[in-house]
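Notes to accompany the following structure.
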Amino acid sequence: MPLPDIALRIAAVTKRFGALTANDAISFEVRRGEVLALLGENGAGKTTLMNIVFGHYVADAGDVHAFGQRLPPGDPHAALAAGIGMVHQHFALAENLTVLENVMLGTESLWRPWSNRRAARERLRRLGEDAGLAIDPDMPVGRLSVGERQRVEILKALYRDARILILDEPTAVLTPQEAESLFATLRRLVARGLSIVFISHKLGEVLAIADRVVVLRQGAVALTRAAAGASRDELAGAMVGRPLAPPALGTGKPGAVALRLEAIDARSDDRRLGLRGITLALHHGEVVGIAGVAGNGQSLLAEVMAGIVRPLAGSIEIDGRRVAGLTPRAAIEAGLGRVPEDRHASGVVGDLSVADNAVLEHFSERRFARWGWRRRVPSRAHAAMVVASFDVRGAGLDTPARQLSGGNMQKLILGRVLTETPRIVLANQPTRGLDVGAVAFVQEQIAAARGRGAAVLLISEDLDELLALSDRIAVMYRGRLSAPRPRAALDVQTLGLMMAGAGFEGTGHAA
């Protein structure tokens, strides 16, 4: 008999891919008008489970019920009709269309001779007002902020009568203020009876918004409990199966200037936002963090420092020597190790083996190649050392790198960079999308590099990470950089306001 207070019931769902059991008899329920947080490491089975809920995958065993009715396996239309909506981490919006046009996409038959835009506009207006998500329906999406685009995604789901909303890493690219605004909206929607599945790696946010928590580990349910009274340590331990200690940064004494940028102007190939008058000094034995909402110039700054983009004006010095026409090869030879923002597109060559990727940036050196030919024995020995030292799991040396999970791919990149003991480390979003276990490992390696005397530039949208690892922190906003300030003088709220432009002052000061 259907239970009136149960919105979604997952009953003993099992899914196998060959010898791998991705979901192992998973069972839990989501009640009407509650926020249930779904946690787990990368590869714990969260994505597979959601694909089964939406009908993209067919379970080998078990059932999914929405509001007491069994969902037919492998039928996405049935899931949508049952009132299940999802907002993905990477928004699925057409930037050249308006808010109204994006919301209406796919809601009207192609055979309908006209579009009832007037009724759609009025319905969108009412939804926005009721949910606290009011937004100009005629505004092109390309002109919206990140937080406003997320509003559009939620409105899309509500417009389709979603009664169960699944949010996948919803705060990954939001400022703390935007995240709090989102939470206020979610609380308002939950009070009206909406059920929410909240998928996130940010445990502080989970504890702030969730009513209950389900933790998956190795494809099975490891913990189900009320969020009230839970701690980050308890949830992290349930996710990885062991206690996790925060990185030990300790107090340090910065050394000489390793890298200096002076009055840098630059523009990327797409001619969008450029850098304006960027001045920064990075010392040996310190971590300088760069905060900012995505799209404010952080990626371009990293490309300039790595020699990928040549500045239009200004100068770059490495260890006191001015470098004219910095190239990626010259940067590597000068001792700069780069952990790129996009590990799939820029960090590895997916079709090359793990062994080849482990020596990729040093392939021209005599220890790994001679007369243009790879020296197989020393390169594979080095790759084996990287894999063992950085705990790269799930693949052999001959496995294509694209088959690695996100966390293990990041470990491979870190190993390739840090085993060379670089004098300067450029880490751009090094823990984005990683689970708590992989995050802890990456952060430990960054702290260790700083402890060895490396100068580390850490670009991250995770403010807790910046405050835990950085000696000084600067903020990027619309292509300008604030003066770095000591970590002790900053907090999440202050950084969030600066990221949104409040009280932001660009600087030409080099500390």
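The values are calculated or read from the model by the stated rules, or taken from the named source; none is laboratory data. Not measured: the values here are computed from a predicted model. Glycine also receives a Cβ, built like all others from the backbone with ideal geometry; neighbour counts cover every protein chain displayed.
Counting only residues that are at pLDDT 90 or above, give me the helices (runs of 4 or more DSSP H) lying completely in the range 118-230 with at least 1 of them. Step through it out loud before you land on a result.
On the way: elements: 146-159, 176-191, 203-209.
Fully inside the range 118-230 and qualifying: 176-191, 203-209.
Mind listing just one residue for me: the one in the range 413-442 that is more than 17 Å from GLY285 (Cβ to Cβ) and among the polar types (S, T, N, Q) and, of those, surrounded by the fewest Cβ atoms within 10 Å (Cβ to Cβ)?
Looking only at the range 413-442, we keep the residues that are more than 17 Å from GLY285 (Cβ to Cβ), and these are 413-417, 419-420, 428-442.
If we keep only those that are among the polar types (S, T, N, Q) as well, we get 419, 428-429, 431.
On the way: THR419: 17, ASN428: 24, GLN429: 23, THR431: 24.
Result: THR419.
Listed here are the residues, each with its yes/no results for (1) touching a Gly at 6+ places or on another chain (Cβ under 8 Å); (2) among the aromatic types (Phe, Trp, Tyr); (3) assigned to a loop (DSSP other than H, G, I, E, B); (4) at positive phi.
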{"residue": "LEU8", "(1), (2), (3), (4)": "no, no, no, no"}
{"residue": "ALA12", "(1), (2), (3), (4)": "yes, no, no, yes"}
{"residue": "ARG16", "(1), (2), (3), (4)": "no, no, no, no"}
{"residue": "THR21", "(1), (2), (3), (4)": "yes, no, no, no"}
{"residue": "ASP24", "(1), (2), (3), (4)": "yes, no, no, no"}
{"residue": "LEU39", "(1), (2), (3), (4)": "no, no, no, no"}
#### Entry: Candidates LEU165, LEU133, LEU216, LEU186 - the one that is touching an Asp or Glu at 6+ places or on another chain (Cβ under 9 Å) and surrounded by 18 or more Cβ atoms within 10 Å (Cβ to Cβ)
LEU216
### Message
Out of the residues in the range 65-88 meeting the condition of being loosely packed, with under 15 Cβ neighbours inside 10 Å and touching a strand residue (DSSP E or B) at 6+ places or on another chain (Cβ under 6 Å), tell me which one is modelled with the lowest pLDDT.
### Response
HIS88
### Task
Just name the residue that is farthest from THR251 (Cα to Cα) out of those in the range 485-501 that are surrounded by 12 or more Cβ atoms within 10 Å (Cβ to Cβ) and hydrophobic (A, V, I, L, M, F, W, C).
ALA500
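Based on this model, can you work out whether GLY396 counts as out of contact with any Lys or Arg (no Cβ under 8 Å at 6 or more places or on another chain), under 30 Å from GLY40 (Cβ atoms) and assigned to a loop (DSSP other than H, G, I, E, B)? Give the steps one after another, and end with the answer.
Details: out of contact with any Lys or Arg (no Cβ under 8 Å at 6 or more places or on another chain): yes; under 30 Å from GLY40 (Cβ atoms): yes; assigned to a loop (DSSP other than H, G, I, E, B): yes.
In short, yes.
Closer than 16 Å to LEU167 by Cα, in a loop (DSSP other than H, G, I, E, B) and touching a residue at least 60 places away in the same chain (Cβ under 8 Å), is that true of LEU93?
Working: closer than 16 Å to LEU167 by Cα: yes; in a loop (DSSP other than H, G, I, E, B): yes; touching a residue at least 60 places away in the same chain (Cβ under 8 Å): yes.
Judged against the criteria, LEU93 is a match.
Mind checking which residues of the range 476-493 are farther than 21 Å from ALA306 by Cβ, in contact with a strand residue (DSSP E or B) (Cβ under 8 Å, 6 or more places away or on another chain) and not in a helix (DSSP H, G or I)? Before the answer, list the steps.
Quick first cut of the range 476-493, residues farther than 21 Å from ALA306 by Cβ only: 477-478, 482-483, 485-493.
Applying the additional criterion that residues be in contact with a strand residue (DSSP E or B) (Cβ under 8 Å, 6 or more places away or on another chain) yields 477, 482-483, 485-487, 490.
Selection gives TYR477, SER482, ALA483, ARG485, PRO486, LEU490.
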### Summary
Just one listed residue, out of GLY106, GLY85, is part of a strand (DSSP E or B) and not β-branched (Val, Ile, Thr), and it is GLY85
### Task
Of the conditions (1) of a type outside the set (A, V, I, L, M, F, W, C); (2) modelled with pLDDT of 95 or more; (3) over 30 Å from LEU39 (Cα atoms), ARG322 clears all except one; give me its number.
(2)
### Message
Scan the range 281-301 and tell me whether some residue there is buried (at least 17 other Cβ atoms within 10 Å of the Cβ), over 23 Å from ARG485 (Cβ atoms) and either out of contact with any helix residue (DSSP H, G or I) (no Cβ under 6 Å at 6 or more places or on another chain) or at pLDDT 90 or above (or both).
### Response
no
## Note on the structure
If you go through GLU461, GLU465, the only one that is assigned to a loop (DSSP other than H, G, I, E, B) and within 17 Å of the chain's Cα centre (by Cα) is GLU461
### Message
Can you find a residue that is at pLDDT below 85, assigned by TED's automatic domain parsing to the domain that holds ILE318 and not in a helix (DSSP H, G or I) anywhere in the range 339-348?
### Response
yes
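Please go through the range 355-397 and give me each residue that is under 23 Å from the mean Cα position of the chain (by Cα) and aliphatic (A, V, I, L, M), ordered by number. Can you show your working first?
The first filter runs over the range 355-397 and keeps only residues under 23 Å from the mean Cα position of the chain (by Cα), leaving 357, 390-394.
Across the range 355-397, the qualifying residue is only VAL392.
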## Note on the structure
The lone condition ARG416 fails out of (1) in a strand (DSSP E or B); (2) out of contact with any Ser or Thr (no Cβ under 7 Å at 6 or more places or on another chain) is (1)
### Query
From the set of residues in the range 22-50 that are of a type in the set (S, T, N, Q) and surrounded by 17 or more Cβ atoms within 10 Å (Cβ to Cβ), which is nearest to the chain's Cα centre (by Cα)?
ASN42
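Mind checking whether some residue in the range 8-26 is free of Cβ contacts under 8 Å to residues at least 12 places away in the same chain and of a type outside the set (A, V, I, L, M)? Before you say what the answer is, go through the steps one by one.
Our first condition is that a residue be free of Cβ contacts under 8 Å to residues at least 12 places away in the same chain; within the range 8-26, this holds for 17-20.
Checking the rest, the ones that are also of a type outside the set (A, V, I, L, M) come to 17-18.
Yes, that holds for at least one residue.
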### Message
Here is a list: VAL359, VAL309. Which entry is over 29 Å from LEU467 (Cα atoms) and buried (at least 18 other Cβ atoms within 10 Å of the Cβ)?
### Response
VAL359
### Task
Look at the range 59-81 and say how many of its residues are free of Cβ contacts under 8 Å to residues at least 40 places away in the same chain, assigned to a loop (DSSP other than H, G, I, E, B) and within 30 Å of the chain's Cα centre (by Cα).
2
### Message
Conditions first: (1) touching a residue at least 24 places away in the same chain (Cβ under 8 Å); (2) over 28 Å from ARG260 (Cβ atoms); (3) more than 18 Å from the chain's Cα centre (by Cα). GLY433 passes all but one, so which condition is the exception?
### Response
(3)
